[in-house]
Amino acid sequence: MDERRLVEVSKYLAKHLRHRPERIGLTLDPEGWADVTALLAVAADHCFALTRAEIEHVVAVNDKKRYELDGDRIRAVQGHSVPVSLNLPVVSPPELLFHGTVSRFLDAILRDGLLPMGRHDVHLSPDRETARRVGARRGRPVVLVVQAGRMAADGHEFRVSANGVWLAGSVPPEYLGE
Ligand code: HQG
């Protein structure tokens, strides 16, 4: 599979497993799982030719391990905008986590805290370099430091997705620094 096709299939999966399953008539169960057989059928119905082997390949080599396969089921491991409950356990975070953003959002973030915006959760990175890459999707990155240990001690819940993204409902401004 060439790189272009890999990206095309990955984007197709992200769109329909995270954001708009209804666009192709796909049903996700409450935990975000779709039947691979059903996905192949509805993709074909909507003129996107896709094979099981391509799905398996994308799941295996995807740069950020965004998807998981379990028998004939597939789901995105995080990043949804549709309501799903991934049933991730609450876990203790490291003392510090990081969030990559850009300077144009800083005033609002320092005033209102980090909010999930279009997604279910605020996404936090375990290290500065990962956060820098997340921020760089939007321009010159700014990395914020999150006092995650202190937040957890104050009763805020953290979860971590299967691909190592830390998730929190929000991060109030008093736990943020640069
Ligand atoms: C910003 C990619 C104004 C926030 C990445 C971010 C990540 C605020 C944007 C994953 C704000 C939301 C998630 C506030 C937060 N006021 N702006 N109060 N609070 N923001 O894409 O963290 O490729 O939903 O800084 O690698 O950028 O999809 O979140 O800039 O892991 O697998 O609002 O997406 O992964 O943007 O990225 P996003 P994100 P995937």
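Building the convex hull from the alpha-carbon atoms of the stretch 3-76 and averaging its projection over directions returns 4.4 nm². Note on the chain: with charges restricted to the Cβ of Lys and Arg (+1) and Asp and Glu (-1), its dipole about the Cα centre is near 620 debye.
Near G169, once Lys and Arg are set to +1 and Asp and Glu to -1 for all other residues with Cβ below 14 Å from its Cβ, the sum equals -2.
The stretch 42-90 and the stretch 121-176 have their alpha-carbon centroids 24 Å apart.
Among the trypsin sites (Lys or Arg not before Pro) in the stretch 57-102, those placed in a DSSP loop whose Cβ has at most 16 other Cβ atoms within 10 Å are K64, K65. Shown here for the stretch 98-155: trypsin sites (Lys or Arg not before Pro) in loop regions (DSSP other than H, G, I, E, B) with at most 16 other Cβ atoms within 10 Å, namely R119, R137, R138. Taking amide hydrogens as placed 1.01 Å from N in the peptide plane, the amide H of S81 sits under 5 Å from those of H19, each at least 5 positions away in sequence or on another chain.
In a DSSP loop and with at most 16 other Cβ atoms within 10 Å, the GluC sites (Glu not before Pro) in the stretch 1-41 are E31. Computed from Cα positions, the angle between helix 36-45 and the longest principal axis of the chain comes to roughly 70 degrees. Assign one of three labels to the stretch 97-177, namely rounded, prolate or oblate, based on the Cα gyration tensor with a ≥ b ≥ c the square roots of its eigenvalues; rounded applies when a/c is under 1.5, prolate when it is not and a/b is larger than b/c, and oblate otherwise. Verdict is oblate for the stretch 97-177.
In summary, the aspartates and glutamates within cross-link reach of K65, defined as a Cα separation below 16 angstrom excluding same-chain residues under 8 places away, comprise E3, E8, E54, E56. Comparing L17, L96, L167 in a Gaussian network model of the chain where C-alpha atoms under 10 Å apart are linked, the largest mean-square fluctuation is found at L96. Helix 3-14 and the longest principal axis of the Cα set of the chain meet at an angle near 80°.
Decide, for the chain, between rounded, prolate and oblate: order the square roots of the alpha carbon gyration tensor eigenvalues as a ≥ b ≥ c, take rounded if a/c falls under 1.5, and otherwise choose prolate if a/b is larger than b/c, else oblate. The shape class here is prolate. Can you show me the helix-derived [θ] at 222 nm for the chain, built from DSSP H runs with n ≥ 4 at -39,500 (n - 2.57) apiece and divided by the number of residues, rounded to the nearest 500. That calculation yields -8500 deg cm²/dmol at 222 nm.
Here, each number is a calculation from the coordinates, and none is a lab measurement. Remember, predicted model here, so these are calculated numbers, not experimental data. Glycine also receives a Cβ, built like all others from the backbone with ideal geometry; neighbour counts cover every protein chain displayed.
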